[in-house]
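Novice: My questions will all concern the structure given below.
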Amino acid sequence: MPTVETTVTISVPDEGLTLEALEAAIAGALGQAGRQLLVAACQAMDDAASRAASSRAQRHKPRGSHLLTRFGWVRLMRWQVRDPATGRYACPLDSILGLWPHQHVSPWVRDQAVAFATRVTYRQAAHLLGALLDVPLDHRTLFRWVQQAGATIVACEDAQQTAVFADGDLPVSDPTPREIIVAEVDGTFLHAQHEDMPNFEVRLGVLASGKALESLTAKHRRYRLQERLCYAGVEPAQAFGERLFLAGERHLGLSRAHHLLLIGDGADWIEALAGHQRWKATYHLDWWHLRRAITEAFPGQPRMIRRLLHYLHTGRGGRLPALIRAAKVAGGGDPQRLNDLLGYVQSNMHGFYGADHLRPRLSPQARLVAVHGSGAVEKHIELVIGRRFKGRGMRWTRAGANRLLKLRLRQLQPHA
């Protein structure tokens, strides 16, 4: 087993050094020592690998490569060998280190780039990482690293979706059955750049199997979602639903849950998702969105609004279409808004009381999570998407936003 070593030495003047100067001197010496050790260790591994390959391959010439590491830039010299059988050239050290072709950054540095870029802009991330490594770093270089990391995740999700929904493979599933799993889904729009439309939709879903009281002594009751799982993507509705299912199946065993409740704001793709052959969920319409739609359709008519909401709250929501048609005939509002409201109500009527119909079949603990609203997904959209993707002047391509979003999700829920 080869051993490499180096010596770290700093000079301290008789009058001493301030803490700041001492830290800088030690950091510089340690960085230099780290680079020396890294190069020496790679040289030792390269020598051993090239000797082992000499029986079946021929040394061709040494090749140099610059690599940014946690110790700064280093130049690695490694032997290139030629396989006489195939005539192909390769560097054995690259295979040992796990380097892909034209790689110029270590995994640790790339992980730090991802950690910064998923929280702040690319320019800020490059500035912070450059300051950490004490090297100048261009934001376009960091952008490439991050996009490559995100593309790997997207390719993996593509393969999993194809294997299950196209090839018929069984998905990876958690074996533990849950009494109920609640899925809240919603979407938001980002400003587009270099796309054929001014904006595009990002979809997000939050899954949970229950709620637990945060504190028994707090003045106001607060609950924490149990086994919370978040998934998001810049994907068509069907692809999003299938990938959300795969994530939920892998971590929560969706197909084994006794009850599955899906809550949304009434968008057509959400209502269709509940009836997907894999989901087969009880659909519930978030009443907050219905109340807003009613209020916007009847501006300045509080009596009509109260009447419609009274029917909704007393379990007679099925009468809303007739009341809306009557108001339209009587000229009680803007015709276009009333048509929109009528279509919205008719397409979501079966979801008015989804949670209410399910609640009697649940245990008292499970009823806590069978709620009427979709506050969890609304908050997650603000936390996951809004705080990183909706800054002033930000514009995105679909692929760029999707890759960064996948990485941000992994940073926010590393154990998922």
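Novice: So which residues in the range 202-223 are more than 16 Å from residue 180 (Cβ to Cβ) and surrounded by fewer than 18 Cβ atoms within 10 Å (Cβ to Cβ)?
Specialist: Scanning the range 202-223 gives 213, 214, 215, 216, 217, 218, 219, 220, 221, 222.
Novice: Would you please name the residue that is surrounded by the most Cβ atoms within 10 Å (Cβ to Cβ), looking only at residues in the range 132-154 that are assigned to a loop (DSSP other than H, G, I, E, B) and touching a helix residue (DSSP H, G or I) at 6+ places or on another chain (Cβ under 8 Å)?
Specialist: Of everything passing the filter in the range 132-154, 137 is surrounded by the most Cβ atoms within 10 Å (Cβ to Cβ).
Novice: Still on this structure: Could you say whether any residue in the range 319-329 is assigned to a helix (DSSP H, G or I), assigned by TED's automatic domain parsing to the domain that holds residue 204, surrounded by 18 or more Cβ atoms within 10 Å (Cβ to Cβ) and not aliphatic (A, V, I, L, M)?
Specialist: Yes, there is a match, as at least one residue in the range 319-329 is assigned to a helix (DSSP H, G or I), assigned by TED's automatic domain parsing to the domain that holds residue 204, surrounded by 18 or more Cβ atoms within 10 Å (Cβ to Cβ) and not aliphatic (A, V, I, L, M).
Novice: Now, a different point. Considering only residues of the range 91-108 that are polar (S, T, N, Q) and more than 17 Å from residue 51 (Cβ to Cβ), which is modelled with the lowest pLDDT?
Specialist: Looking at the filtered set, the residue picked out is 103.
Novice: Related question: Which residues, taken from the range 393-407, are in contact with a helix residue (DSSP H, G or I) (Cβ under 7 Å, 6 or more places away or on another chain) and not aliphatic (A, V, I, L, M)?
Specialist: 396, 400, 402, 403, 406
Novice: If you check 16, 34, which single one turns out to be out of contact with any Leu (no Cβ under 7 Å at 6 or more places or on another chain), closer than 29 Å to residue 141 by Cβ and without any contact (Cβ under 8 Å) to a residue 40 or more places away in the chain?
Specialist: Just a single option satisfies the conditions, and that option is 34.
Novice: Spot the failing condition for residue 251; the list is (1) assigned to a strand (DSSP E or B); (2) within 30 Å of residue 156 (Cβ to Cβ), and only one is missed.
Specialist: The number of the failed condition is (1).
Novice: Of all residues in the range 373-404, how many are out of contact with any Asp or Glu (no Cβ under 7 Å at 6 or more places or on another chain) and not in a helix (DSSP H, G or I)?
Specialist: 7
Novice: Within the range 156-205, track down each residue that is touching a Lys or Arg at 6+ places or on another chain (Cβ under 8 Å), in a loop (DSSP other than H, G, I, E, B), farther than 28 Å from residue 355 by Cβ and not aliphatic (A, V, I, L, M).
Specialist: Of everything in the range 156-205, those that are touching a Lys or Arg at 6+ places or on another chain (Cβ under 8 Å), in a loop (DSSP other than H, G, I, E, B), farther than 28 Å from residue 355 by Cβ and not aliphatic (A, V, I, L, M) turn out to be 193, 195.
Novice: A further question follows. From the residues in the range 14-30 that are within 44 Å of the chain's Cα centre (by Cα) and exposed (fewer than 10 other Cβ atoms within 10 Å of the Cβ), which one is farthest from residue 71 (Cα to Cα)?
Specialist: Top of the filtered list is 19.
Novice: Would the range 305-314 turn up any residue that is in the same structural domain as residue 377 (by TED's automatic domain parsing), outside any helix (DSSP H, G or I) and not hydroxyl-bearing (Ser, Thr, Tyr)?
Specialist: no
Novice: From (1) under 18 Å from residue 401 (Cα atoms); (2) in a helix (DSSP H, G or I), pick out the condition that doesn't hold for residue 127.
Specialist: It is condition (1) that residue 127 fails.
Novice: Within the range 363-416, restricting attention to residues that are of a type in the set (D, E, K, R) and without any contact (Cβ under 8 Å) to a residue 40 or more places away in the chain, which residue is surrounded by the most Cβ atoms within 10 Å (Cβ to Cβ)?
Specialist: That would be 367.
Novice: While we're on this one: Just checking, how many residues over the range 342-388 are β-branched (Val, Ile, Thr), modelled with pLDDT under 90 and out of contact with any helix residue (DSSP H, G or I) (no Cβ under 8 Å at 6 or more places or on another chain)?
Specialist: Qualifying residue count, the range 342-388: 1.
Novice: For residues that are on the phi < 0 side of the Ramachandran plot, surrounded by fewer than 17 Cβ atoms within 10 Å (Cβ to Cβ) and in a loop (DSSP other than H, G, I, E, B), scanning just the range 330-358, find the one that is nearest to the chain's Cα centre (by Cα).
Specialist: 334
The values are calculated or read from the model by the stated rules, or taken from the named source; none is laboratory data. Since we're looking at a predicted model, the values are computed, not measured. Cβ sites come from the backbone with ideal geometry, for glycine too, and all protein chains shown count toward neighbours.
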